[in-house]
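Student: Sending over a structure as structure tokens; questions will come in a sec.
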């Protein structure tokens, strides 16, 4: 968790039990006027709805083939890991949405439209990176990884830095599209919120890997 002026950022893991507890603890403690979520409208509606929308072949037109395949594989991995730990992906976001209704806090959606993100990824992603990604997933089932952490908890800042660096080196397109550009997008959204509502307490819930960069971008202000 990091603070800047009237903003508190909670870095989460989308399948960690610890994240759900931390989100609930801080929201009930701070009672924010605004809860900002690392979601776009489409993902927000999907989480808020009781019906889970599954990817369809027709979505290839929306996301591009590579973006569609990445989304399909990523969702499958997240669900599998979630089943192992007993936590559905995005549970911390659902908890925040529920508490926002209870406290009558406003909800701000600060992430870039997923269609735009995946279209960019599909356009930029090389097949070399795609095959490397699939190969690394396959290896992970049979070879013990160099970086170990408890999936029930949010990884430490050191582990996050190591993972981010590995992504940057092995998957530069992934890093640029899914991390760097979205960090900038969310930082702008949060900077606008704290500037527009300086007297209101704001809590932002984002993936732990985004937190340090977002805070740094906000502090630069003019550079956001």
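Student: Considering every residue within the stretch 190-198, establish whether at least one is surrounded by 15 or more Cβ atoms within 10 Å (Cβ to Cβ), in contact with a helix residue (DSSP H, G or I) (Cβ under 7 Å, 6 or more places away or on another chain) and touching a residue at least 40 places away in the same chain (Cβ under 8 Å).
Tutor: If we filter the stretch 190-198 for residues that are surrounded by 15 or more Cβ atoms within 10 Å (Cβ to Cβ), which is where we start, we get 190-191, 193-194, 197.
Filter again for in contact with a helix residue (DSSP H, G or I) (Cβ under 7 Å, 6 or more places away or on another chain), leaving 190-191.
Still in the running and touching a residue at least 40 places away in the same chain (Cβ under 8 Å): 190.
Scanning the stretch 190-198 turns up at least one residue that is surrounded by 15 or more Cβ atoms within 10 Å (Cβ to Cβ), in contact with a helix residue (DSSP H, G or I) (Cβ under 7 Å, 6 or more places away or on another chain) and touching a residue at least 40 places away in the same chain (Cβ under 8 Å).
Student: Can residue 92 be described as modelled with pLDDT under 95, buried (at least 18 other Cβ atoms within 10 Å of the Cβ) and under 15 Å from the mean Cα position of the chain (by Cα)? Don't jump to the end; show me each part of the working.
Tutor: Numbers: modelled with pLDDT under 95: yes; buried (at least 18 other Cβ atoms within 10 Å of the Cβ): yes; under 15 Å from the mean Cα position of the chain (by Cα): yes.
Spelling it out, residue 92 is indeed modelled with pLDDT under 95, buried (at least 18 other Cβ atoms within 10 Å of the Cβ) and under 15 Å from the mean Cα position of the chain (by Cα).
Student: Could you list, in sequence order, the residues of the stretch 199-224 that are part of a helix (DSSP H, G or I) and either at positive phi or touching a residue at least 24 places away in the same chain (Cβ under 8 Å) (or both)?
Tutor: Pass one, the stretch 199-224, residues part of a helix (DSSP H, G or I): 211-223.
Passing the criteria: 211, 212, 213, 214, 215, 217, 218, 219, 221.
Student: For residue 13, which of the numbered conditions (1) more than 19 Å from residue 191 (Cα to Cα); (2) modelled with pLDDT of 90 or more fails to hold?
Tutor: (2)
Student: Residue 124 is checked against (1) within 25 Å of residue 39 (Cβ to Cβ); (2) surrounded by fewer than 17 Cβ atoms within 10 Å (Cβ to Cβ); (3) at pLDDT below 85 and fails just one. What number does that condition carry?
Tutor: With (1) within 25 Å of residue 39 (Cβ to Cβ); (2) surrounded by fewer than 17 Cβ atoms within 10 Å (Cβ to Cβ); (3) at pLDDT below 85 applied to residue 124, the lone miss is (3).
Student: If you take the residues in the stretch 1-42 that are without any contact (Cβ under 8 Å) to a residue 60 or more places away in the chain and within 16 Å of residue 211 (Cβ to Cβ), which one is surrounded by the fewest Cβ atoms within 10 Å (Cβ to Cβ)?
Tutor: Going residue by residue through the stretch 1-42, those that are without any contact (Cβ under 8 Å) to a residue 60 or more places away in the chain are 1, 3, 21, 25, 29.
Going one step further and asking which of them are within 16 Å of residue 211 (Cβ to Cβ), we end up with 1, 3.
Details: 1: 14, 3: 10.
Restricting to residues being without any contact (Cβ under 8 Å) to a residue 60 or more places away in the chain and within 16 Å of residue 211 (Cβ to Cβ), the top hit is 3.
Student: Only one of 31, 25 is closer than 28 Å to residue 221 by Cα and modelled with pLDDT of 65 or more; which?
Tutor: Working: 25 fails: closer than 28 Å to residue 221 by Cα.
Step by step, each of 31, 25 is checked, and only 31 is closer than 28 Å to residue 221 by Cα and modelled with pLDDT of 65 or more.
Student: I'd like the full set of residues that are in a helix (DSSP H, G or I) and modelled with pLDDT of 90 or more, limited to the stretch 34-60. Lay out the reasoning, then the answer.
Tutor: First pass over the stretch 34-60, keeping only residues in a helix (DSSP H, G or I): 41-48, 57-60.
Of everything in the stretch 34-60, those that are in a helix (DSSP H, G or I) and modelled with pLDDT of 90 or more turn out to be 41, 44.
The values are calculated or read from the model by the stated rules, or taken from the named source; none is laboratory data. Just so it is clear, the model here is predicted, and its values are computed rather than measured. Because the Cβ atoms are built from the backbone with ideal geometry, glycine has one as well, and the counts that use them run over all protein chains shown.
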